[in-house]
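Below is one structure, written out as structure tokens; comments come after it.
The values are calculated or read from the model by the stated rules, or taken from the named source; none is laboratory data. These numbers were taken from a predicted model, which means no experiment stands behind them. Virtual Cβ from ideal backbone geometry, glycine too; neighbours counted across all protein chains shown.
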Amino acid sequence: MVHEFTKMVDKNIAQGSFREVLINEDFYVLKIQNESPEVQKVIRDIDSSYIQFHFCLKGNAKFIFSGGHYALEVTEENSLLLYNTQLDLPMNLELNGNSWMVSIIMTIRRFHSLFSKEADYIPFLSEDNKEKKYYAQESVTPAIAVILSQIINYNLHPSIKSLYIKAKVYELIALYFNKSEDADLEQCPFLVDEDNIKRIRQAKEIMIQRMAEPPTLAQLSEEIGLPLKKLKEGFKQVYGEPVFSFLFDYKMDFARKMLESGEYNVNEVGHRIGYSTSSHFIASFKKKYGTTPKKYLMSLQN
């Protein structure tokens with residue numbers, strides 16, 4: 001069964017909500033939360049003068065195009081970028097039960113102004129590509145996940161709501177396009193080798209699965225069958241940061257989600273991700289987010 005939403009602004013609905021935050025006349029944010037077990041449909045006109053960023057924080061969703069002839073799925077902790085100056089791309093979204101989505105809709109003119117001095121850094125902003133269509137699906141990094149959670153959970157005075165969201169969106173876009181200078185497939189022979197990529201991804205999964213007691217780099221290198229130097233260089237090229245920096249970010253994001261669930265105390269969360277004492281966990285959490293786990297939870301409750 002599919003339920004359909006009409007366009008609404010900052011309105012709660014049964015078992016969910018659809019909120020539109022207008023930042024400027026050419027820039028707005030949609031926060032869509034479906035807490036029901038059923039699929040809910042969101043339809044909204046968006047013309048070809050806009051670029052769209054869609055982030056799935058929880059669950060999954062499907063974007064339908066051309067009257068149902070084509071669809072793109074966005075799963076949990078993944079994103080979809082839509083850009084087409086030749087064709088309107090209205091939102092026709094089917095959001096699965098127990099799913100959350102944050103969408104940033106901005107005019108192409110506004111978006112170009114953000115990168116006016118660095119247009120060549122963004123592939124589809126170059127002179128050769130700026131009139132072409134561009135679709136991209138990428139995973140959500142832990143740093144972006146934090147910003148999305150802040151956009152969903154903020155509780156501020158209405159007079160500063162727009163300013164806060166605007167700042168968070170600019171921060172999010174900056175991180176979205178923060179690609180490692182080394183991660184250029186055309187210039188990096190390592191990344192062209194599919195077997196290398198497969199081993200690096202295996203290394204990431206091993207670190208995630210055993211994050212409480214991760215292997216050393218030497219042990220990881222031996223386990224995936226890749227020389228230590230290639231492991232270090234390749235991991236940074238694929239994921240943008242060294243192995244243990246990635247693991248730290250992942251553990252802190254995992255801890256943040258455990259705390260937000262309300263099912264675990266600080267000691268339990270710290271132990272789950274490999275900290276022998278709560279004080280060490282608290283110090284690491286504060287290093288990452290600038291606040292303690294307890295104060296972070298209090299900010300969400302307030």
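Candidates are the residues of region 148-170 that are touching a Phe, Trp or Tyr at 6+ places or on another chain (Cβ under 9 Å) and free of Cβ contacts under 8 Å to residues at least 40 places away in the same chain; the one that is surrounded by the most Cβ atoms within 10 Å (Cβ to Cβ) is Lys168.
Table: residues versus (1) at pLDDT 90 or above; (2) part of a loop (DSSP other than H, G, I, E, B); (3) of a type in the set (Lys, Arg); (4) within 30 Å of Val21 (Cα to Cα).
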| site | (1), (2), (3), (4) |
| --- | --- |
| Asn196 | no, no, no, no |
| Ile200 | no, no, no, no |
| Ile208 | yes, no, no, no |
| Ala212 | yes, yes, no, no |
| Ser221 | yes, no, no, no |
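Considering region 83-94, and only residues there that are surrounded by 14 or more Cβ atoms within 10 Å (Cβ to Cβ) and farther than 16 Å from Ile32 by Cβ, the residue that is nearest to the chain's Cα centre (by Cα) turns out to be Tyr83.
A residue that is part of a helix (DSSP H, G or I), surrounded by fewer than 19 Cβ atoms within 10 Å (Cβ to Cβ), modelled with pLDDT of 75 or more and in contact with a Phe, Trp or Tyr (Cβ under 9 Å, 6 or more places away or on another chain) occurs somewhere in region 99-113. If only residues of region 195-214 that are of a type in the set (Lys, Arg) and touching a residue at least 24 places away in the same chain (Cβ under 8 Å) are counted, the one that is nearest to Phe248 (Cα to Cα) is Lys204. Taken over region 236-249, residues that are within 15 Å of Ser139 (Cα to Cα) and surrounded by 19 or more Cβ atoms within 10 Å (Cβ to Cβ) amount to 3. Can you confirm whether Leu231 is surrounded by 18 or more Cβ atoms within 10 Å (Cβ to Cβ) and over 20 Å from the mean Cα position of the chain (by Cα)? It is true that Leu231 is surrounded by 18 or more Cβ atoms within 10 Å (Cβ to Cβ) and over 20 Å from the mean Cα position of the chain (by Cα).
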